[in-house]
Amino acid sequence: MPCEIITLQLGQCGNQIGFEFWKKLCSEHGISPEGTLEDYATEGTDRKDVFFYQADDEHYIPRSVLLDLEPRVIHSIMNSPYAKLYNPENIYISKQGGGAGNNWAAGYSQGERIYDEVFDIIDREADGSDSLEGFVLCHSIAGGTGSGLGSYILERLNDRFPKKLVQTYSVFPNQDEISDVVVQPYNSLLTLRRLTQSADCVVVLDNTALNRIATDRLHLSNPSFSQINSLVSNIMSVSTATLRYPSYMNNDLIGLIAPLIPTPRLHFLMTGYTPLTTDQEVASVRKTTVLDVMRRLLQPKNMMVSTPLDRNTQHCYISILNIIQGEVDPTQVHKSLQRIRERKMAQFIPWGPASIQVALSKKSPYIQSAHRVSGLMLANHTNISALFERTLKQYDKLRKREAFLEQFRKENMFTENLDELDASREVVQQLVDEYVAATTPDYLSWGLTQASTES
Amino acid sequence: MAGQGKFDALTKELITHVLGFQLRKEGQPAQYFKEGEENFVRSEQFVLSNLLYHHCLAVNSHAVRRSVEGLALKFTIHGQHHRAQQLTSLTSNFLASPLFQDHFQTDVEWSLLSLLLHLSNSPTQVPLQEIQKVAASPENTEDELQEQIDWAVYLRNGETKYVLGPEEPLSDWSVDSDCSDNEGNDATQLQACLVKNLPPYNVEIVCSSKQPTTRELLEQVHRAKSWLSAKTHLQYWGPKRPQQLPLSDHPVANVLKLWEEEQGLRGLYQHLTEWEVMREVLWVLLCPVPSHIFILNKKGSFTLKQNISLGSLTPGATSSLLEYLCEPLNQLHILDVFMHKYEFPSMDPPKPATILAYAAGLQLWRHRFQSTLVTLEDRVKKQESTCTLLWLEGELRPWLRTLASIFAVHSTATTTILEKSPRYTAVRLLGTLCEGVESASDSGIRGVLLRLLLHSLRHYLSIIHSWLLHGTLVDHAQEFIIQRDESVKANDERFWGEAFTVSLQKDEQSSDAKDPMKTILRFLSPLVVALTTVGKSRELLAILDVQPLPKQSNPCNLSRLKAETEQEQSLEEVVIKFVKKTVRATSSGDIEEEVHASNNEEDADSVLTEGNSHLTLGCKQEDPLLIAAFTDTYQESHHFATPATVDSITSLIEEISDVPRAISVVSLLTSALCPLVKKQQDILSARLISVLIEKNRLDRHCQAVRSVLLMEAGDIMHEFYSHLFAKLESGDGVDSISLTLHLQYCIARLYPDLAQFFSVSVTPQDLQDTRTGKDIIEENERAVGSDDRSDGMLVIEEMTGSCAKTVMVDADRGCTSHHNNETALSMPLARVGLPDITIQYQAPWPANLLLTEAIMKKFNMLFRFNLSLKRVTNGLERLKFRDLASWQAVIRSERNTEESGGPLQSRLHRLQLLRQWLLCFSRELHDHFANTVFLPYHHAVEKLFASRPALTTIIAEHETLVNKLITECLMSSSEKILPLQIVLNKWRA
């Protein structure tokens, strides 16, 4: 089967959002928690084989690898009704079971140790697919396992499957609850380096923004992880919808992300979704036009990245991909795009085409939705660098005081020096610089003044 | 007139019999009679004049009775009461004789009476004593009518005394004449009769058989002669010039005579009475053959005979009074010949039934005309009122005008009847009739023509009827406007488009400015489509082995069937009724309707059982095939069948009266036929399409083709083209077989059952090269004439295709991003590395009706277009400079190029950005086509199938949609400029 995608769920966060993602996929494809096809779903034209494979006994099994260094989350998954969904051989829990202790270095170094076992699983999974298109990584960048193990696996994936795409859904830490993990700037910085260098595409899921949206837009006074995660799973499922519901275009992952990413490093995408409702909110079915949806997607309040709302900055869109689901008149798409461009609703880079792609996708026929049309925006916006800058700032603050570094020094990587941190900072700084450079017309000649780090 | 010969013979026989003459044979005495002798001729003339002019043969019993009664009254007035009494009693006795009772149908008694009356000359003046002689005799006379008497012997006995030459026959005549009235009497009774009936001088002759003096004899002869001549009506057309008419002395009555004298032309002109002329006029109109007054000239057309004139008019005036009749006579003659020719169907060559029906319609009109003429003749004959030629002309004028109109139409309609095909003839006929009705101004004429039209249309209607009902286009004479092209089989993809053709000779259409064909098309054209659809639907359904109409459950089945048959059967009738109703709302239809309803049920039943019952009368007329099969035996029964069965409709048609000018016949017929045909069409179309969609999955085939050729099934096609591109990039050749296998493998996932129908063919590379080489030249030439609209498609191919190529080339070389736009523009698609791939879809019947080769060709155009789009975007998306084989070489040569183009990193960066530009552009194009072209098409087609219109609509709509696709993909040569094209041209500039 073409374009199979293997999902890797790493760490607590990764496994949780992964779990939600699979739940969502199952319901969209009419697959029961046991992995069997529901009676009503036998006639579907959807493609389940991108994310699932079929076992001999007609069970649909996710192409998913669950990795964690501590068993808590995976155990809870295995105690859920979806326990039988997963291939038990794809679940790896570190035998130590101690986790990474929110330490990137611990996660990374443990990754080295469990490399063989993990890549046995991944290799087997890759061998089991006809034409593997790539990997999707779910993790957070602030914790230990998701960031450390994730970074390690990213690097190894790049070595091992150099031609496969690696897309990550990376959860950025909630700045409002920074006290949770004080070393998160270190973790984030180190992970960001790997995300910059080894991933092909990073979908940024900013916990800060997600929480704000949950409280402000969805009016949840104290949003739970599962509520946030359902938002995330929604984004994940929609962003893969075109792969799963084939149509004329956007049938492969590369096709989806390639136009979004102008140069290899500017591959951090922010997301926006509309309409934002919770399950409880049963709104009457609203008629929404494509233009409405696209306009709303451009509004900052629907963006799921906590970037400062500074209108004076030069930040601009590099490219946009709108995935629109529902009953849409395709001819309206063109008109809507024209209007958006004419009215300059979105500021675009000065050096390139104002690339707004629109992918129309079907909705799952098995899920009732209150909205006829919904849209997900995947945007490459230079403003994303604000997140990285924030990380850099926080890192600098911690680094100035040499705070919490002893935990890192325990690991081999950092025993001799902290060059890794410096190098990471360098990479992230360059990334920020490149994003800033991309806001100016000079970006075309940007390489002339920039020292080469890529070769 | 047909019985003329027999009549003559009988007359002669009568004369010889009555006179006792026998044809003289060898060695027989002179008194034996010889035909052609003057006396015989005279007697013949006498007999004929009596028979022909006094109508003893076609007797009116009332008139005779009245005359007898009048005679009796006359006797009474004259004081001859006894005679009167006797006459009455004799007559009644005579009439009461059992012989006549036995043969009441012949009216012999009245004939005899009338003859007697006629022969009696001034009965009141016959001396009384002689009457007494008669006294008892007449009764016996009649009583022994049958008795055989040897008249010849008897008469010869009586005649021996006179051997006197010319007078002899005269007396014989008188004897003869009284003999003729008293056929079968014996001598005494004859005597009595003579006394009663013969004029006195004749009696004298008979009675005074003493010694007449010469003078007396001469006088007798003269008297006899003058009596005879007075009594003999000579046909004025006979070889003998009849005696001058006893004209009145009034100069007005003798104008001709006066004129002749004046001109010195006495004797040149034959004098005719107005009465004679009138009657002859009526006769020739009844049967247009050359007659005395109206003769045929050399050209075969009617003209007035010279030297004939009315006594009261000058010859000029006469001819001017009669000339107007010549033309109608010609016309009538032609029409009659035509009608005679097309009275019966024939097999070789088959006569178009339409023409036959038309002829029958004409015949009906002719009958009407003739009956009018007969009425007129009766009136003239009776002389009860004053009838003049002018009056006659007035009576005839409307008829003649109608005749002229009919003839005008007829001649237009049938000029080509022989050379052209029956179809053309029929269509032309109907068209001309239509035209005729439309253009006629007089409502009466319109009515006549409409009736003719309806008659002629009947065959068409019956064809339509059987076609609608039974799905068979029975048209053995090849006259129906729609023709089944037998070369197109039902499972041919051209079936829908070409199975039925509306055949019209194109050249004919152009030549006539006012083309009758167009007229018929005007009301048939809305039907033609519907009809062919019905026909095709029927045929398809039959082949699909599906009941044309879904059967209902039993209880309602019967009533339904009945309702249907009523509806079905009455196509002709319904149409005609409708026309009739519209023309004039008549209430008389009710009774007939019932009659028809019962007829129809019978008909319908027999039709429905489709067995031997075909032979029932009702169907015979309707079924040309049977006519063909039973031609020999049929023709006789036809005559009986016709009045009994067909007349229901014929009479319906004939009941239609005048058509006001305001009613357009074309629209009338259209509105009469359309609902019926449309209804049937709707039913069948709905049925067909539901069968096609439900059982044959027409939509699924269509979907499969779309999925593959328009790449709607993005995933499987992605797999296919990825494979293809990978092969191309690796430098492996592509061949049809492996591609076909791969394609089928891909498709099998989505359409396991349809995958086998797909195949790929690749045009060999060398062929392609030569072709494209030529193309390049052409393109360059076209590019010179810059804004040439027709190469819109090339613009895209060039731009997108070459962009990919350029980038590839650039990337391979690792050189900087500046690519040469000039060379790119002239780079055709095939050169960019795409083989000329065609995907065939062997659509199984009946899906091939929709997915014809032509359509598939267009789909393939679109496919290649798509493929090139995909090629570009696919290549650009996947482009990773670091993965390229030349990457290492570039890295190594970094030092050499450093000076010229800046640091490698920067060059790479710019390359990346270029890629981004190109990708963005190609994606934009790709998305544009996807969103504004292919997806709307998808929706449109889905909607089309969901709404389940008629197959025709689907085919037509589908083609329109595909054409629209091509246009919107900038591949058509239409003049419309799409916005995209403007943009692209700007880019090019």
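The values are calculated or read from the model by the stated rules, or taken from the named source; none is laboratory data. Not measured: the values here are computed from a predicted model. All Cβ positions, glycine included, derive from the backbone under ideal geometry; neighbour counts span all protein chains shown.
Scanning the stretch A:178-213 for residues that are surrounded by fewer than 24 Cβ atoms within 10 Å (Cβ to Cβ), touching a helix residue (DSSP H, G or I) at 6+ places or on another chain (Cβ under 8 Å) and among the acidic types (Asp, Glu) gives a single hit, A:200. Taking residues in the stretch A:409-429 that are over 21 Å from residue A:393 (Cβ atoms) and touching a residue at least 40 places away in the same chain (Cβ under 8 Å), and partners anywhere that are outside any helix (DSSP H, G or I) and of a type outside the set (Phe, Trp, Tyr), the pairs with Cβ atoms closer than 8 Å and at least 6 places apart or on different chains are A:411/A:103.
Whenever a residue of the stretch B:720-748 is closer than 23 Å to residue A:47 by Cβ, its partners that are aromatic (Phe, Trp, Tyr) and crowded, with 18+ Cβ neighbours inside 10 Å, lying with C-beta atoms within less than 7 angstrom and at least six residues away or across chains, give the pairs B:742/B:720; B:743/B:720; B:743/B:758; B:744/B:758; B:746/B:720; B:747/B:758. Residues that are surrounded by fewer than 16 Cβ atoms within 10 Å (Cβ to Cβ), of a type outside the set (Ser, Thr, Tyr) and in contact (Cβ under 8 Å) with a residue 40 or more places away in the chain within the stretch A:366-403 comprise A:367, A:370, A:397, A:403, listed in sequence order.
If the condition is being over 18 Å from residue A:125 (Cβ atoms) and hydrophobic (A, V, I, L, M, F, W, C), then the stretch A:26-83 contributes A:26, A:31, A:37, A:41, A:69, A:73, A:78, A:83.
Looking across the stretch A:310-333, the residues that are within 14 Å of chain B (Cβ to nearest Cβ) and part of a loop (DSSP other than H, G, I, E, B) come down to A:327, A:328, A:329.
Tell me which helices (runs of 4 or more DSSP H) are completely within the stretch B:45-102 and hold 3 or more residues being at pLDDT 75 or above and out of contact with any Phe, Trp or Tyr (no Cβ under 9 Å at 6 or more places or on another chain), or say none if there are none. Before the answer, list the steps.
Numbers: elements: B:61-77, B:81-96, B:98-102.
Here the list reads B:61-77, B:81-96.
For the stretch B:912-951, the candidate set comprises residues that are more than 10 Å from chain A (Cβ to nearest Cβ) and either more than 30 Å from residue B:692 (Cβ to Cβ) or outside any helix (DSSP H, G or I) (or both); within that set, the residue that is nearest to the chain's Cα centre (by Cα) is B:950.
Number of residues in the stretch A:150-176 that are farther than 20 Å from residue A:266 by Cα, modelled with pLDDT under 90 and part of a loop (DSSP other than H, G, I, E, B) equals 2. Pairing residues of the stretch A:1-22 that are more than 14 Å from every other protein chain (Cβ to nearest Cβ) and within 13 Å of residue A:145 (Cβ to Cβ) with residues that are surrounded by fewer than 24 Cβ atoms within 10 Å (Cβ to Cβ) and of a type in the set (Gly, Ala, Ser), at Cβ distances under 9 Å and at least 6 apart in sequence or on separate chains, gives A:11/A:99; A:12/A:99; A:15/A:76; A:16/A:76; A:16/A:226; A:18/A:233. Taken together, the residues in the stretch B:894-910 that are more than 9 Å from chain A (Cβ to nearest Cβ) and either at pLDDT 80 or above or touching a helix residue (DSSP H, G or I) at 6+ places or on another chain (Cβ under 9 Å) (or both) amount to 3. In this structure, does residue A:385 turn out to be part of a helix (DSSP H, G or I), within 30 Å of residue A:242 (Cβ to Cβ), in contact with a helix residue (DSSP H, G or I) (Cβ under 8 Å, 6 or more places away or on another chain) and not charged (D, E, K, R)? So residue A:385 fits the description; yes.
Being touching a helix residue (DSSP H, G or I) at 6+ places or on another chain (Cβ under 8 Å) and either within 14 Å of chain B (Cβ to nearest Cβ) or over 20 Å from residue A:207 (Cβ atoms) (or both) is a description that applies to residue A:364.
Can you find a residue in the stretch B:705-714 that is free of Cβ contacts under 8 Å to residues at least 24 places away in the same chain, within 10 Å of chain A (Cβ to nearest Cβ) and closer than 29 Å to residue B:849 by Cβ? Give the steps one after another, and end with the answer.
If we filter the stretch B:705-714 for residues that are free of Cβ contacts under 8 Å to residues at least 24 places away in the same chain, which is where we start, we get B:714.
Next cut, within 10 Å of chain A (Cβ to nearest Cβ) only: B:714.
Now drop any that are not closer than 29 Å to residue B:849 by Cβ, which leaves B:714.
Checking the stretch B:705-714: at least one residue is free of Cβ contacts under 8 Å to residues at least 24 places away in the same chain, within 10 Å of chain A (Cβ to nearest Cβ) and closer than 29 Å to residue B:849 by Cβ.
Taking the stated definitions as given, is residue B:436 more than 17 Å from the chain's Cα centre (by Cα), over 16 Å from residue B:354 (Cα atoms), assigned to a helix (DSSP H, G or I) and modelled with pLDDT under 80? No: the conditions fail for residue B:436. The residue of the stretch B:908-954 that is surrounded by the fewest Cβ atoms within 10 Å (Cβ to Cβ), among those that are in contact with a Pro (Cβ under 6 Å, 6 or more places away or on another chain) and within 15 Å of residue B:965 (Cβ to Cβ), is B:936.
Condition (residue is within 14 Å of another protein chain (Cβ to nearest Cβ) and crowded, with 20+ Cβ neighbours inside 10 Å) applied to the stretch A:214-229: is it met by at least one residue? Checked the stretch A:214-229: no residue is within 14 Å of another protein chain (Cβ to nearest Cβ) and crowded, with 20+ Cβ neighbours inside 10 Å.
Of all the residues that make up the stretch B:837-874, how many are of a type in the set (Gly, Ala, Ser) and touching a Phe, Trp or Tyr at 6+ places or on another chain (Cβ under 7 Å)? Walk me through it before giving the result.
Of all residues in the stretch B:837-874, those of a type in the set (Gly, Ala, Ser) come to B:843, B:847, B:854, B:868.
If we keep only those that are touching a Phe, Trp or Tyr at 6+ places or on another chain (Cβ under 7 Å) too, we end up with B:843.
Qualifying residue count, the stretch B:837-874: 1.
The residues of the stretch A:49-98 that are at pLDDT below 90 and more than 25 Å from the chain's Cα centre (by Cα), listed by number, are A:54, A:55, A:56, A:57, A:58, A:59, A:84, A:95, A:96, A:97, A:98. The strands (runs of 3 or more DSSP E) found wholly in the stretch B:288-376 include none carrying at least 3 residues that are surrounded by 21 or more Cβ atoms within 10 Å (Cβ to Cβ) and touching a Cys at 6+ places or on another chain (Cβ under 7 Å). Looking across the stretch A:230-259, just one residue is charged (D, E, K, R) and either under 12 Å from the mean Cα position of the chain (by Cα) or more than 7 Å from chain B (Cβ to nearest Cβ) (or both), and that is A:244.
Do you know which residues across the stretch A:334-356 are assigned to a loop (DSSP other than H, G, I, E, B), touching a Lys or Arg at 6+ places or on another chain (Cβ under 8 Å) and under 30 Å from residue B:911 (Cβ atoms)?
Residues of the stretch A:334-356 that are assigned to a loop (DSSP other than H, G, I, E, B), as a first pass: A:343-347, A:349-354.
Still in the list and also touching a Lys or Arg at 6+ places or on another chain (Cβ under 8 Å): A:345, A:354.
Within the stretch A:334-356, A:354 is the sole residue that qualifies.
Hey, among the residues in the stretch B:704-734 that are more than 19 Å from residue A:48 (Cα to Cα), at pLDDT below 80 and not hydrophobic (A, V, I, L, M, F, W, C), which one's surrounded by the most Cβ atoms within 10 Å (Cβ to Cβ)? Going through the qualifying residues, I end up with B:729.
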